[in-house]
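Right, one structure below, let's go through it.
The values are calculated or read from the model by the stated rules, or taken from the named source; none is laboratory data. All values reported here derive from a predicted model rather than from experimental measurement. Reconstructed Cβ throughout: ideal geometry from the backbone, glycine too, with neighbour counts over all protein chains shown.
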Amino acid sequence: MTYFSFVRAEFLVLWRRKQDVLNALLFFVIVVVLFPIGIDSSSEFLTPAASGIIWCATVLAVLMAVDSLFKEDYRDGSLEQLVVCGLSLPLLILLKVIAQWLAVILPLLVIMPLLGEMLYLSSASLWALMVTLLVGSPSLFFMGVIGAALTVSIKQGAILVMLLILPFYLPVIIFSTLAVKAAQAGLPYSGFLAMLLAMSLLSLVLSPFMTAIAVKASVN
Amino acid sequence: MRWVWFHKLASPKWFYSWSNFWALPVFCFGCLCLAIGLVWGLAFAPEDYQQGNSFRIIYIHVPVAMLAQSCYLALGVASFVFLVWQMKMAPIFIKAMAPIGAVMALIALVSGAIWGKPTWGTWWVWDARLTSVLVLFFLYMGIIALQSALDDLVLANKAAAVISVVGLINLPIIKYSVVLLETLHQGPTFTLTKKPEMPPEMWLPLLCAVIGLYSFVAGLVLWRMQSEILMREHRSSWVKQEVMENGL
Amino acid sequence: MHSFASLTVSDLWIERAERDLCKGLSFSVQSGDVVRILGENGAGKSSLLKVIVGILSPLQGQIVYSGEDVTVDRRFLQQDVIYLGHSSGIKPQLTVIENLRWYCPDASPSALHEVLESLELIDHIDVPVKKLSAGQARRVALSRLWLGKKTLWLLDEPFASLDVRGVELLEACIRQHASVGGLVLLTTHQDLPSLSTRDVALLS
């Protein structure tokens, strides 16, 4: 196994399981639709709430996607093979997470203008929202993957992952919604973006090592 | 030579006999201080000129809130020690500490709410410190849930340690982020750098209660660790001997 | 030919789920050996292989591979090992050829073709593994042995779910590997008359 052949196999598996990615996307859209229907469909409510709604839905969809990241590999034994293949496990995990991030976040960004229209977002704040998603979502994946690796040996681990990881997502949600609110008020929001970027970078550095510890403990 | 105590801490047997000696005195000292602090604070300390008698819940709320945070700090440090040096006592400490921390966070939330009703006119405010204590409570519950969900002891140890360390790194960020949201709460009651603004007859009982609660929890944790040691080491000869000689 | 390799395990203690599996196990094997690990169910055969490859950690003991102490960091051993556990590590969504390209990216197309031919998988080359039978999937996993070019093989029940023909093929493959200086450790309850094996017994 080489890093290159690993990445190629990862993308192949993602392509074969495109239905899962599509499901996560549909889940995301449905959660977003719940808010106008359940609370208030007027633009007075939706415009200020849109960034919060989209981020909450994103967080849930990401956790659903991340939870399944190691499940299959654990079952078919390929997770074990990653541990013993002699390559650096943190690096393999990093590559795996990046592949998953691309597969989930890129489609999400593509449908974002549509949702922005449905939630009456102005184009300036939609732009800000998409930038926060691009910059902030890596940290969601990197933190979530730790929880996924810890619970991979439990059959019904999804709720536990939510309980473990959702508290860690609060800062990302707060910084992102503040950024979009600033954009809506016509204020500069680069400071919030810098915070999001810092969180993503910090989790990018730390998470693969933590996840590697968790994976090693899980495959025994 | 200097590290001898550190290595000794790693031995359950040594720790057991050491804590056998210390647990009771520490616990009793804690109870005594706590009792003095609470009776003094609740019955004899002067009334606050703004908040009247309702401020007295400070003698419960502040020590408990401090403990809730300190417990997590201790958890995080122990977890780090475990992940780096594989120290055998660290997961036992984590197992013993997490539920106590969760209870402390819960009491802090409840007492805060009771305090909030007369002072702010509402049970709950989305204020920075309230929210972060709520998050802290979730973090504790996450650790407990994870430990109980994993059957394999080795995995449960590692998992709890990993999630506590991640929590410890995240907690300052969470705190900073919720501070960015609105803040209604009054400033910290105790600071190390400034002289307290309260009169001494108000803050002395508080100090007493804080010290008492720390010591109370320390004793409690020692006992919980002892029983956890007995459970985990039940196959070793010294445990059998210990139980035969001294009973449980 | 493989360069000379040896594996020395000394005073190995393994604990799983509150049970002692090995108490001070020591053995030494080298190039050309085929070692059968014997023991009752639950005696710790699989755990021993997992400890050697680095999935589990021993309580104490030392593992030396080709002169290098790998007790703490197994990287050196892992670069020269093929480990096949109970679950084969074959991704069911990928086809036979994609799985092999993942594990053995260096294998030439002709070598791949030859191995798949001899394992009777050549007709299923573009079929996702989830559509194959258990025995066929097992053969896919085993084909790594022909293609991998690693010295040390750690095989956990390699004969499980193989038919007579599959067993013959695998025995021949192991014999061939040992004759060119390979080193094989395997767990099985099967007698292997065609292989001259050494036995390591685990007492429970």
Problem - Selection from the stretch C:133-168 of residues that are in a loop (DSSP other than H, G, I, E, B) and within 20 Å of residue C:48 (Cα to Cα) - result: C:150, C:151, C:157, C:158, C:159, C:160
Practice task
Have a look at C:31, C:10 and point out the one that is within 18 Å of the chain's Cα centre (by Cα), among the polar types (S, T, N, Q), surrounded by fewer than 22 Cβ atoms within 10 Å (Cβ to Cβ) and over 18 Å from residue A:217 (Cα atoms).
Solution key: C:31
Exercise for the section: Would you check if there is a residue in the stretch C:42-57 being away from chain A (no Cβ under 14 Å), assigned to a strand (DSSP E or B) and in contact with a strand residue (DSSP E or B) (Cβ under 7 Å, 6 or more places away or on another chain)? Expected result: no
Practice task
Quick one: in the stretch C:60-78, of everything that is touching a residue at least 24 places away in the same chain (Cβ under 8 Å) and polar (S, T, N, Q), which residue is nearest to the other protein chains (Cβ to nearest Cβ)?
Solution key: C:78
Practice task
Name every residue in the stretch A:167-176 that is more than 7 Å from chain B (Cβ to nearest Cβ) and either buried (at least 23 other Cβ atoms within 10 Å of the Cβ) or not β-branched (Val, Ile, Thr) (or both), in order of residue number.
Solution key: A:169, A:172, A:176
Handout entry: Unique residue being surrounded by fewer than 19 Cβ atoms within 10 Å (Cβ to Cβ) and either closer than 15 Å to residue A:162 by Cα or among the β-branched types (Val, Ile, Thr) (or both) when the list is B:131, B:122
Key = B:122
Practice task
Restrict the check to the stretch C:164-180 and report whether at least one residue is over 25 Å from residue A:15 (Cβ atoms), free of Cβ contacts under 8 Å to residues at least 24 places away in the same chain and touching a helix residue (DSSP H, G or I) at 6+ places or on another chain (Cβ under 6 Å).
Solution key: no
Exercise for the section: For residue A:164, state whether it is away from every other protein chain (no Cβ under 14 Å), free of Cβ contacts under 8 Å to residues at least 40 places away in the same chain and at negative phi. Expected result: no
Handout entry: Pick from the stretch B:221-248, criterion part of a helix (DSSP H, G or I), aliphatic (A, V, I, L, M) and surrounded by fewer than 18 Cβ atoms within 10 Å (Cβ to Cβ), ranking: farthest from the other protein chains (Cβ to nearest Cβ)
Key = B:244
Handout entry: Selected residue (only one of C:31, C:6 is in contact with a His (Cβ under 8 Å, 6 or more places away or on another chain) and modelled with pLDDT of 85 or more)
Key = C:31
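Here's the yes/no breakdown for (1) of a type in the set (D, E, K, R); (2) more than 13 Å from every other protein chain (Cβ to nearest Cβ); (3) within 20 Å of the chain's Cα centre (by Cα):
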residue	(1), (2), (3)
A:2	no, no, no
A:11	no, no, yes
A:20	yes, no, yes
A:29	no, yes, yes
A:40	yes, yes, no
A:64	no, yes, yes
A:74	no, no, no
A:83	no, no, no
A:87	no, no, no
Practice task
Output the number of residues of the stretch C:120-156 satisfying the condition of being over 28 Å from residue C:5 (Cα atoms) and more than 14 Å from chain A (Cβ to nearest Cβ).
Solution key: 9
Practice task
Would you mind stating whether residue B:123 is in contact with a helix residue (DSSP H, G or I) (Cβ under 7 Å, 6 or more places away or on another chain), of a type outside the set (Gly, Ala, Ser) and without any contact (Cβ under 8 Å) to a residue 40 or more places away in the chain?
Solution key: yes
Handout entry: Subset of the stretch A:177-220 (residues that are over 21 Å from the mean Cα position of the chain (by Cα) and hydroxyl-bearing (Ser, Thr, Tyr))
Key = A:189, A:190, A:218
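Every residue, every condition in (1) at the interface with chain A (Cβ under 9 Å from one of its Cβ atoms); (2) over 18 Å from residue A:11 (Cβ atoms); (3) assigned to a helix (DSSP H, G or I), yes or no:
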residue: C:83; (1), (2), (3): yes, yes, no
residue: C:86; (1), (2), (3): yes, yes, no
residue: C:101; (1), (2), (3): yes, no, yes
residue: C:114; (1), (2), (3): no, yes, yes
Practice task
Only residues that are surrounded by fewer than 24 Cβ atoms within 10 Å (Cβ to Cβ) and not hydroxyl-bearing (Ser, Thr, Tyr): list them for the stretch A:153-166, please.
Solution key: A:154, A:155, A:156, A:157, A:158, A:159, A:160, A:162, A:163, A:166
Exercise for the section: Would you mind finding the one in B:174, B:143, B:169 that is surrounded by 15 or more Cβ atoms within 10 Å (Cβ to Cβ), within 21 Å of the chain's Cα centre (by Cα) and farther than 30 Å from residue B:223 by Cα? Expected result: B:174
Exercise for the section: Being of a type in the set (D, E, K, R) and either at the interface with chain A (Cβ under 8 Å from one of its Cβ atoms) or under 18 Å from residue A:211 (Cα atoms) (or both) is the filter here, so list the residues in the stretch B:114-169 that pass it. Expected result: B:152, B:158
Practice task
Go through the stretch C:165-204 and count every residue that is in contact with an Asp or Glu (Cβ under 9 Å, 6 or more places away or on another chain) and of a type in the set (Lys, Arg).
Solution key: 2
